[in-house]
Structure formats: C-alpha cells, structure tokens
Amino acid sequence: MKLILAIVQDTDAPGLIKALLERGLQSTKLASTGGFLREGNTTLLIGVEEGRVEEVLELIREKCRTRTRLITRGLPLSEAPDPFLASPVEVEVGGAVVFVLPVEAFYKM
Ligand code: 2BA
C-alpha cells in the first residue's frame, strides 16, 4: 500500500475528491498553508493499493490546473525605497505537489 500526499489548490480539491470517490478511492482533506505564499491550500491524504497509484496520479494531473499568482513582497509601495522592489512578481502554483510514501501497515479499528 502507498500513501499519496497531494498538496493542491483549494479550488481544485472538490473536483479531485469527487473524481476519486467515483472510482471508489477514499481521501482525507486537510486544510494547509503554503510556506512561501502563506495562503491556504489543501492537502489530501489518499491511501491506495500500489497498483492504483498511477490511476490517482492521472486524476490529479487531470483535475489540478497550474495557475499564476501575482505577489508583492516586502514593503508596501508607499514605503519602498525603490518602487521596483515592490512591483508584483508572477509565481506559478501547482497543479499539485505530490509525495508517494510507502505504508508499513494499515489498520481500521
Ligand atoms: P507555497 O509554499 O505557498 O508556494 C507556492 C508557489 O510559490 C510554489 O508553487 C512555487 O511556484 C513558488 N515558490 C515556493 N517557494 C519559492 C521560492 N523560495 N522562491 C520563488 N518561488 C517559490 P508549487 O511548487 O506548486 O507549490 C505549491 C505548494 O505546495 C506550496 O505552497 C507548499 O504548500 C507545497 N509544497 C511545495 N513544495 C513542497 C515541498 N518540497 N515540501 C512540502 N510542501 C511543498
């Protein structure tokens, strides 16, 4: 068995969870926050048999879109010594960041 840990954008999570459910795949949704943007994202825990990992990865690819976010880092424009330092920077986020972990044991008690 494998544990797939998928960090996805909040807007993509419902569609992905639904698609997993339609294939009989269970998931647990955790509210998480990205360390860089410090914005909410969703972490899904998906436990699957090894033979279904590719199927899950394919669904993630299908349901999670790459988006660009404009961020302004540092001082507010009015306080910046050089306005260019405060100009927005484009950052690409997602589709998904995925870890596939081995599961030593799985119990439902
Ligand atoms: P964040 O940490 O908020 O990062 C959002 C996006 O900002 C990243 O998208 C990446 O494109 C960009 N980014 C991150 N750190 C950067 C830096 N030092 N300089 C410039 N740009 C930077 P993704 O790579 O798609 O990551 C989306 C989210 O997945 C991340 O949100 C974080 O929550 C998680 N993540 C990504 N890599 C991870 C890792 N190695 N371990 C744990 N979580 C990770």
Here the residues within the stretch 10-26 that are surrounded by fewer than 18 Cβ atoms within 10 Å (Cβ to Cβ) and either within 22 Å of Glu55 (Cβ to Cβ) or within 8 Å of the ligand (Cβ to nearest atom) (or both) are Pro14, Gly15, Lys18, Ala19, Leu21, Glu22, Arg23, Gly24, Gln26
Problem - Qualifying residue in the stretch 18-29 (condition: within 30 Å of Phe106 (Cα to Cα), at pLDDT 95 or above, in contact with a strand residue (DSSP E or B) (Cβ under 9 Å, 6 or more places away or on another chain) and in a strand (DSSP E or B)) - result: yes
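Being part of a strand (DSSP E or B), surrounded by 12 or more Cβ atoms within 10 Å (Cβ to Cβ) and either modelled with pLDDT of 90 or more or among the hydrophobic types (A, V, I, L, M, F, W, C) (or both) is the filter here, so list the residues in the stretch 36-85 that pass it.
Answer for the stretch 36-85, where residues must be part of a strand (DSSP E or B), surrounded by 12 or more Cβ atoms within 10 Å (Cβ to Cβ) and either modelled with pLDDT of 90 or more or among the hydrophobic types (A, V, I, L, M, F, W, C) (or both): Asn41, Thr42, Thr43, Leu44, Leu45, Ile46, Gly47, Val48, Arg67, Ile71.
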Just to be sure before I move on: is Val91 at pLDDT below 95 and either open to solvent by less than 60 Å² (accessible area, probe 1.4 Å) or more than 13 Å from the chain's Cα centre (by Cα) (or both) in the structure I sent? yes
Listed by first then second residue, the pairs whose first member lies in the stretch 88-106 and is within 17 Å of Val8 (Cα to Cα), whose partner is near the ligand (Cβ under 7 Å from one of its atoms), with beta carbons under 6 Å and at least 6 positions apart or on separate chains, are Val97/Ile7
Residues of the stretch 28-59 being basic (Lys, Arg) and more than 14 Å from Asp12 (Cβ to Cβ), in sequence order, are Arg38, Arg52
When every residue in the stretch 36-51 that is more than 16 Å from the ligand (Cβ to nearest atom) and in contact (Cβ under 8 Å) with a residue 12 or more places away in the chain is compared, the one nearest to the chain's Cα centre (by Cα) is Gly47
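The values are calculated or read from the model by the stated rules, or taken from the named source; none is laboratory data. Treat the numbers as computed from the prediction; the structure is a model and nothing was measured. As a convention, Cβ positions derive from the backbone with ideal geometry for all residues, glycine included, and neighbour counts pool all protein chains shown. To get the accessible areas, we keep the full protein, side chains included, count just its heavy atoms, and leave off ligands, DNA and RNA. Shrake-Rupley method; radii C 1.70, N 1.55, O 1.52, S 1.80 Å.
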